[in-house]
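The values are calculated or read from the model by the stated rules, or taken from the named source; none is laboratory data. All figures in this text were calculated on a predicted structure; none of them were measured in a lab. Here the Cβ positions follow ideal geometry from the backbone for every residue, glycine too, while neighbour counts run over all protein chains shown. Note: areas computed on protein heavy atoms with side chains; ligands, DNA, RNA excluded. Shrake-Rupley method; radii C 1.70, N 1.55, O 1.52, S 1.80 Å.
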Amino acid sequence: MSDALKTRILDVLRSLPAPDGGADVVSRDMVSDIFVADRKAFFSLSVAASDAERFEGFRQEAERRVAEVEGIDTAMVALTAERKGGGMAARPAPARPPQPAASHPHHHPRPRQGGAAMPAPPAAPRPVRPDIPGIRRIVAVASGKGGVGKSTTAVNLALAFLALGMKVGLLDADIYGPSVPRLLHLSGKPETRNGRTMVPLEAYGLKAMSMGFLVEEETPMIWRGPMVMSALTQMLREVEWGDLDMLVVDMPPGTGDAQLTMAQSVPLAGAVIVSTPQDLALIDARKGLAMFRKVEVPVLGIVENMSYFVAPDTGKRYDIFGHGGARAEAERLGVPFLGEVPLEMVIRESSDAGRPVVAGDPTGPHAQVYRDIAARVLASIEGVSGTTLKAPTIVFE
């Protein structure tokens, strides 16, 4: 980005009166580094958590005005409580249940007269995760590490839900390494409604949104956590998803801040954990599972990807990465085992070609594997929610 373009953006921000009556946001060092890719500007405004609502209108006006700058088509602006120097602005402390006073580590509360124990402290309130209008359920597909086939699983799972007669969307939440554009053979910029709401791209009847549609494939996304979360929030809540029975979210690999915040702020029906059979992958899968449980997101089950290989010439089966580790782990942790996906050349080739196997060969055995997994995920959601879901209709195109 040229210095002249950055100067024009900063001049616009200087000209906007701050809603709290103070000096402009530039002179108060509230503006993060500005990143521009493909004529789209990204930056954040650091405000105190208590001022977030007051600055929301300012944020929207900043997006509108910056988008009018010569050389900029659209802007994405975040509000964050993180300061440029890395310190955190004051924010309300999380609610915690009252604790009995104790002057000794082994102190126990004194029982009331009659021997009755003190009542247990009230539980902390459940986190509020506002719904996304039009979307009935959101399922996250996650893994503790990269390279286990999570994105391929997410895309084929979304297409399997579609084949079961559902209206489905797919959000590629991996900001740093978006795979959905390549897996679905999609390219081009999303259209916008009223200069703000993005229209998802479509492939095989699936609505899809990804950061890969907004920037070039080789553009590095060198962002800190607040900017990542702002982008994810906008791709969730400022996209014209329409009415969906299911939104599948291809989560970033790992268990960092982006994954944790996503799990805490989005009303997830549950999470599907993808792992390969070997012990090292299962160690990371346990971390992902533990993260979702910690933030009270149901774990719908575990998928064992690259489970086994069948030689095409002899039909002999090989357990290249071991076998059954994910099933055993699911049993040990008390979560459903959703199924085994074989290590097959056709799955890899169809994914690379942008025609996932569920779409490319819907009546084949590999598509059936993903449809079976999708049916088990629906059953798991039903078991978690206690509600009866409409029986899906299998559709072959």
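Roughly how many nanometres apart are two label points built 7 Å out from the Cα toward the Cβ at H185 and R65?
Computed distance between label sites H185 and R65 equals 4.6 nm.
Once you place label points 7 Å from the Cα toward the Cβ at D243 and R39, how far apart are they in nm?
Here the answer is 3.6 nm between the modelled labels.
Using the C-alpha gyration tensor of the stretch 21-63, what are the square roots of 5 times its eigenvalues, in whole angstrom, with the largest one first? Display every interim value, and only then the final one.
Numbers: eigenvalues 80, 30, 17 Å².
Largest first, the stretch 21-63 gives 20, 12, 9 Å.
Just to be sure I understand the model, the point goes 7 Å from the Cα along the line to the Cβ. What's the resulting S15 to R193 distance in nm?
The modelled label-to-label distance comes out at 3.0 nm.
What is the packing order of peptides 363-369, 269-275, taking the mean over residues of other C-beta atoms within 10 Å and listing the highest first?
On the way: 363-369: 15.7, 269-275: 26.6.
Ranked from most to least packed, the peptides come out as 269-275, 363-369.
Can you send over the solvent-accessible area of K207, 1.4 Å probe, protein chains only, in Å² to the nearest 10?
Only protein atoms counted, so the area is about 50 Å².
Give, in nm to one decimal, the length gained when the segment between E53 and S27 is fully stretched (0.36 nm per residue of separation minus the Cα-Cα distance).
Working: separation 26, 0.36 × 26 = 9.36 nm, distance 2.12 nm.
Stretched out fully, the E53 to S27 stretch lengthens by 7.2 nm.
For E296 and R348, FRET efficiency with R0 = 35 Å and r from the beta-carbon atoms, rounded to 0.05? List each step's numbers first, then the result.
Numbers: r = 36 Å, r/R0 = 1.02.
Calculated transfer efficiency: 0.45.
Using a 1.4 Å probe, how large is the accessible area of Y204, given in Å² and rounded to the nearest 10?
So the heavy atoms of Y204 present about 80 Å² to solvent.
Sorting S265, S350, S187, S15 by accessible area (1.4 Å probe), largest first, what list results? Spell out each step's value before the answer.
Working: S265 45, S350 20, S187 100, S15 65 Å².
Final ranking, largest accessible area leading: S187, S15, S265, S350.
What order, most packed first, do the peptides 228-238, 31-41 have when packing is the mean number of other Cβ atoms within 10 Å of each residue?
228-238, 31-41
Taking every Cα atom in the stretch 167-212, find the radius of gyration and the maximum pairwise distance Dmax, and write them in Å.
For the stretch 167-212, the Cα radius of gyration and maximum Cα-Cα distance read 10.5, 29 Å.
For H185, what accessible surface area do you get with a 1.4 Å probe? Give it in Å², rounded to 10.
Per-residue accessible area (H185): approximately 140 Å².
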